[in-house]
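Here's the structure we're looking at; comments come further down.
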Amino acid sequence: MFYIVLLFAAAALLSGGRSSNVNRHMKLLELDNNILNVQSRQVTKKFITLVTKPKPVIVHSSGAPLELTCEALSSPAPSIHWFKNDAPVYEYDLESNEIIDTNPTSLARVSSTLLVRAGSAGDAASADYSCLVVAGHNTLRASTKVYNYNGSTDLSERNKLVPLAPRILVSYKVLVDCIGCNVVLPCRARGHPRPKLTWRNSSGRPVGNDPRMKVLRSGELVISSLLWTDLGEFTCRATNMFGSTHASTFVYPARPE
């Protein structure tokens, strides 16, 4: 039953369904068993797919901000790692490279964004960027070449200090995992000054009121022993003096197989 839930949750995500529609997600469990059996034979239990990726070639105006985004859907839940000219990008932007503990039974859709800004005029005028999606033993990669007018594409130390409204770089859009499992919901944000991160549950209450939930310094929300009553959207909000933004994750607790 658990992988049937994963199958139809994946179908809903790929079709662009709104994760906030709780009733629609619950109806996934009420479909005819014959349809479930036919479609489940066509999909392996473990899968990985890129839903969104950057264009193969991008022309970037000097001094203008540029965002590269990859979204992936997989079981188990994926992580996304960025590279510049085959070098890990955490040397430039630690928040964009996320390493999150995931359960082998999970399914998730993750979004990861790399912020690229113009560097000094003496640097190279182009760079190759790629996002690597890792889900268990499976991987996928998407690459793009960024050309810059009158300079380079880089994340210089000076640009990191420019006042910047919060931007959430890494988050799950949907997570399906088993009841009783411990889960981690990512929320990696960038901004200057460093944004303050807070989480609320599907009822709009701060998660600090629940002893099973803990927000780490890095922004992730840890939920111990997932319950059916955790069903719904969890919202992370990033705030500093220049603004506020939020990202929501629909959490679906499923009965273990």
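Remarks
- Fully extending the segment from N182 to Y149 would add 7.2 nm, taking 0.36 nm per residue of separation and subtracting the current Cα-Cα distance.
- For the range 240-250, the Karplus equation 6.51 cos²θ - 1.76 cosθ + 1.60, evaluated at θ = phi - 60°, returns couplings of 9, 5, 9, x, 8, 8, 8, 9, 10, 10, 7 Hz by residue, with Gly and Pro reported as x.
- In this calculation the C-beta distance from R217 to V57 is compared with R0 = 30 Å, giving a FRET efficiency of 0.20.
- Centroid-to-centroid separation of the range 64-79 and the range 187-240 [C-alpha atoms, Å]: 20 Å
- Computed from the C-beta positions of K46 and T69 and an R0 of 25 Å, the FRET efficiency is 0.55 to the nearest 0.05.
- Couplings 3J(HN,Hα) of the range 139-144, computed from phi: 9, 9, 9, 10, 10, 8 Hz, in residue order, whole Hz [Karplus 6.51 cos²θ - 1.76 cosθ + 1.60, θ = phi - 60°; x for Gly and Pro].
- Cross-link pairs exceeding 30 Å in C-alpha to C-alpha distance, out of K145/K173; K46/K173; K46/K196, comprise K46/K196.
- Ordering of 67-80, 228-241, 208-221, 175-188 by packing [mean C-beta count within 10 Å, highest first]: 67-80, 175-188, 228-241, 208-221
We did not get these values from a lab; they are worked out from the coordinates using the rules stated. Here the structure is a predicted model, which means the values were calculated and not measured. Quick reminder, even Gly has a Cβ in these numbers, built from the backbone with ideal geometry, and neighbours come from all protein chains shown.
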